[in-house]
Each structure stands twice: as C-alpha cells, then as structure tokens.
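Notes follow once the structure below has been shown.
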C-alpha cells in the first residue's frame, strides 16, 4: 500500500502537474483518492499507469490525466452540485466529491452501479450518490446542476443535459465517433444561450441512451 501511495503522488506530479492540470483542488483530490480501490484487484498494480483500464461490462476507468482535465475544465468548486454521467467504478465521482458539496452519478450498468455504491460507502465518501439509469436524460428532478461531467462519448450534446445546467453551469462531454471524438466544454450563459469550447481530441467508450448512441459501436 505504501508503494501505491508513492505511485499516486508520482502520478500527480508526472502525469498532471507536468501537463496542464493546475487547479490545486483537483491536484489535491487526485492525490487523495486511492485509484487502486476502483479497479479490479488483479489490475491494482497498474492503477497509476498513464492510461485507461477495463472495469467490466465493456467499460473502462479513464486515464488519470483525463479525469483531472475534465474536472478542471468543469471548474468544480466547493458548494457545487455536480452530475456525473457514466460513473463506471465511481472513481471520477469520488474525486469530484473531494471538491464539490454533492455528486450524483448515473451508471447504466446495474452491476457497476451497485459495486460503485458499495466501494464509495466503504471508503466513507458519503456525499457521492450513484444511481442506475440513462445518463443521457440526466436527472431533471434533481436539477439544476453547477457542473455536469460525461465520461462517455456521444454523437452530439444531449439537449436534456444542457437544460439541466444552472446559469453559468458547465458541461464537459466528449462528442464524436471513434477516433474523431472531441472534448467539449459548454457553458450556459443565459436561459437559451450556451458557449462552446473545444478542449481537444479524446477517446471514450460510447454514450448509450435515448440522447446518445442506440448501441455500442467499435
């Protein structure tokens, strides 16, 4: 465990700080959350490698750098209520929860959602809630959200998620197919207007749902 803690510190320094992750709250959260607890036990030794890892059900836990980059881009801050779509193992939600007041995660695979809930409870992350459902529809009953982070790539920006942003709320989402995905940041400027920023190329599993892909694509 001591070796993994040292590798976590090295990950923050080498993979995040030496790139463009500068938000001290994001760096502190990434240094705190034990990523090895969010991957299959047989992959724990690879938890701090600079890449994604499989977590079952055809899903992955994102590369640490991408997790940090998306949280920084979403400008997650103390007091925020955050929606995370595609929670998977619960790792990104846990990191967000070290900064925000409350995190609601939506995962479409019940087996992953159940495991994430148990994992987060065991670690004492009681401000993070994981539910099973279609994340492309968001959670209108709990909106608005200060930030929404989507950990899967859709064909377009789900209208439901834009509508559930609070004024000045930020949505960070990969959009596109295969090797043409772009990470976009959407900021709600008023009731009907949004600003869009392209943060660069990324590669995510497909966002499946009513306002996403109809089925998984290779």
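Overview of values
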| quantity | calculated |
| --- | --- |
| The chain: most fluctuating residue of 42, 32, 177 per GNM, C-alpha cutoff 10 Å | 42 |
| Highest average packing first - 20-26, 194-200, 77-83, Cβ atoms within 10 Å | 77-83, 20-26, 194-200 |
| Over the chain, relative contact order from alpha-carbon pairs under 8 Å, at least 6 apart, % | 15 |
| Answer label, with Cα extents along the principal axes in Å calculated from the coordinates and candidates [x] 44, 42, 31; [y] 54, 36, 36; [z] 50, 35, 34 | [z] |
| 9, 98 arranged by Cβ crowding within 10 Å, fewest neighbours leading | 9, 98 |
| Cα gyration tensor category, rounded, prolate or oblate, for the range 134-212 with a/c compared to 1.5 | oblate |
| Fewest-first ranking of 18, 7, 170, using other Cβ atoms within 10 Å as the exposure measure | 18, 7, 170 |
| Relative contact order %, the range 1-76, counting alpha carbon pairs below 8 Å whose residues are six or more apart | 30 |
| Nearest-ten-degree value, helix 2-11 long axis tilted from longest Cα axis of the chain | 40 |
| Degrees between helix 64-73 axis and first principal axis of the chain (Cα, 0 to 90, nearest 10) | 40 |
| DSSP bridge orientation in the chain - percent antiparallel, rounded to nearest 5 | 40 |
| Sorted by Cβ neighbour density within 10 Å, fewest at the top, the residues 156, 89 | 156, 89 |
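Every read-out reported here was derived from the displayed coordinates using simple, explicitly stated rules and does not represent laboratory data. None of the values given here were measured: they were computed from a predicted structure. Using ideal geometry, Cβ is built from the backbone for each residue, glycine included, and neighbour counts are taken over all protein chains shown.
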